Amino acid sequence: MPVFATPAILLRRIDYGDFDVIITFFTLNKGKISLIAKGAKKSTRRFAGILELFSALDLVVGTGRGKGLPVLQEAALIKPFDGIRADFKKTAYASYWAELIYSWLEESFKQDALYYLFEYVLTQLDSGETAETVLNILFQMRLLALSGHGPNLAGCSLCRTGLEEIRQASFVFDIQRGGILCTNCGGSSASQMFLAKGTIKQLSWIASGSLAKAVRIKFSTQALEESTQFLEDFVSYHLSKQPRSLKFLRQIRE
Ligand SMILES: [Zn+2]
């Protein structure tokens, strides 16, 4: 049986029959993959309780010739991220990010920049060094950019006037165009959102440069609230649905 090895983060697990578990991983080398972990449900010795949500592991996976799922052969824990699972709110954030990756990515499509981003926000969430709300903004902004859906915040999406040249404190964000509009160009349809100029700048800053620098950006309370609402709505628009974990996250955040 051909095998491959890869670092991976556990996105989802479902019991399969009496003994086995079907697990979806986001892997560094193969993107999103689903595989079967035989004997993982009952046996405590096999995989010794390390196949937990959001855990980062080193995997060895066997791929059969048939149509069956690849089989997990070995797993070694790199980062348990148990600080996330021990905290209700952190679990809600990590579940939202995991669901976005799960619904957004096609199977077996390598995306290493997104893998490092996910690993980074989980590490920060686990340690508690960065506020959850900031990590949530960072993750969504960069996920959008990496998948080619980054919002246009550099200037008006219609007349192309740059942000700094437009004398306005607040901008309409046109969700269908995926960018901001100046008042000369902007209509007033109900689907539009509003972003303050300061919020737009902070969103642009967090979308570029090193991750370590990005998490040090100080968001004002208004920018945090506007960015959170805007990104969660914009991401849901691109997924054509509201993720289940987002509904839950919004409930517990209130
Ligand atoms: Zn314009």
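Listing for the model above:
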{"quantity": "Karplus 3J(HN,Hα) series, Hz, for segment 108-121 with 6.51 cos²θ - 1.76 cosθ + 1.60 (x for Gly, Pro)", "calculated": "6, 10, 5, 9, 5, 4, 5, 4, 5, 4, 4, 4, 5, 5"}
{"quantity": "Per-residue HN-Hα couplings for segment 156-169 [Karplus 6.51, -1.76, 1.60; θ = phi - 60°; Hz; x = Gly/Pro]", "calculated": "4, 6, 9, 8, 6, 5, x, 3, 5, 7, 9, 8, 9, 8"}
{"quantity": "Computed accessible area, H149, all protein chains, 1.4 angstrom probe, square angstrom", "calculated": "70 Å²"}
{"quantity": "Amide H contacts of S170 (H built 1.01 Å from N, under 5 Å, at least 5 apart or other chain)", "calculated": "K197"}
{"quantity": "Rg/Rg_globular for the chain, with Rg_globular taken as 2.2 N^0.38 Å and Rg from C-alpha atoms", "calculated": "1.13"}
{"quantity": "Integer Hz, Karplus 6.51/-1.76/1.60 couplings in order for segment 49-60, x for Gly and Pro", "calculated": "x, 9, 8, 9, 3, 6, 4, 9, 9, 9, 10, 10"}
{"quantity": "Label-point separation, S103 to K241 (7 Å along Cα→Cβ), nm", "calculated": "0.7 nm"}
{"quantity": "Choice from R12, R85, R244 showing the highest fluctuation, given a GNM over the chain with Cα pairs closer than 10 Å", "calculated": "R244"}
{"quantity": "Charge sum, other residues only, whose C-beta stays under 12 Å from L163's C-beta, Lys/Arg counted +1 and Asp/Glu -1", "calculated": "+2"}
{"quantity": "Residues in segment 205-240 that a label on T133 would reach, taking backbone N under 15 Å of a point 7 Å out along Cα→Cβ", "calculated": "217-232"}
{"quantity": "Distance between modelled label sites at C185 and K79, nm, 7 Å Cα→Cβ extension", "calculated": "3.9 nm"}
{"quantity": "Overall dimensions of segment 39-147 as given by Cα atoms, namely Rg and Dmax in Å", "calculated": "15.4, 46"}
{"quantity": "Extension gain from R46 to A86, taking 0.36 nm per residue of separation minus the Cα-Cα distance", "calculated": "12.1 nm"}
{"quantity": "The chain, helix-only ellipticity at 222 nm - DSSP H runs n ≥ 4, -39,500 (n - 2.57), divided by all residues, nearest 500", "calculated": "-11500 deg cm²/dmol"}
{"quantity": "Qualifying lysines (Cα of each under 18 Å from Cα of K42; at least 8 residues distant if same chain)", "calculated": "none"}
{"quantity": "Built amide H within the under 5 Å cut-off of D20, gap 5+", "calculated": "G39, K41"}
{"quantity": "Residue (of S95, L72, F219) at the positive-pole extreme of the chain, dipole from beta-carbon charges", "calculated": "L72"}
{"quantity": "Of K30/K89; K90/K218; K32/K218; K89/K110; K32/K67; K90/K241, those spanning more than 26 Å from alpha-carbon to alpha-carbon", "calculated": "K30/K89; K32/K218; K89/K110"}
{"quantity": "Extension gain from T161 to K67, taking 0.36 nm per residue of separation minus the Cα-Cα distance", "calculated": "28.5 nm"}
{"quantity": "Placed amide H near S55: partners under 5 Å, 5+ positions off or other chain", "calculated": "L10"}
{"quantity": "Chain lengthening between S34 and Y116 when straightened (0.36 nm per residue, less Cα-Cα)", "calculated": "27.6 nm"}
{"quantity": "About the Cα centre, charge dipole magnitude for segment 1-110 (Lys/Arg +1, Asp/Glu -1 at Cβ), debye", "calculated": "120 debye"}
{"quantity": "Size of charge dipole - the chain - debye, nearest 20, with Cβ of Lys, Arg +1 and Asp, Glu -1, no other charges", "calculated": "320 debye"}
{"quantity": "Förster radius 41 Å - calculated FRET efficiency between D233 and S210 (Cβ-Cβ, nearest 0.05)", "calculated": "0.90"}
{"quantity": "Ordering of 162-168, 113-119 by burial proxy (mean other Cβ atoms within 10 Å per residue, highest first)", "calculated": "113-119, 162-168"}
{"quantity": "Size-normalised alpha-carbon gyration radius of segment 99-234, reference 2.2 N^0.38 Å", "calculated": "1.08"}
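The values are calculated or read from the model by the stated rules, or taken from the named source; none is laboratory data. If you're wondering where the values come from, they're calculated on a predicted model, not measured in any experiment. Glycine also receives a Cβ, built like all others from the backbone with ideal geometry; neighbour counts cover every protein chain displayed. When the accessible area is computed, the model is the full protein with side chains, heavy atoms only, and any ligands, DNA or RNA have been set aside. Shrake-Rupley method; radii C 1.70, N 1.55, O 1.52, S 1.80 Å.
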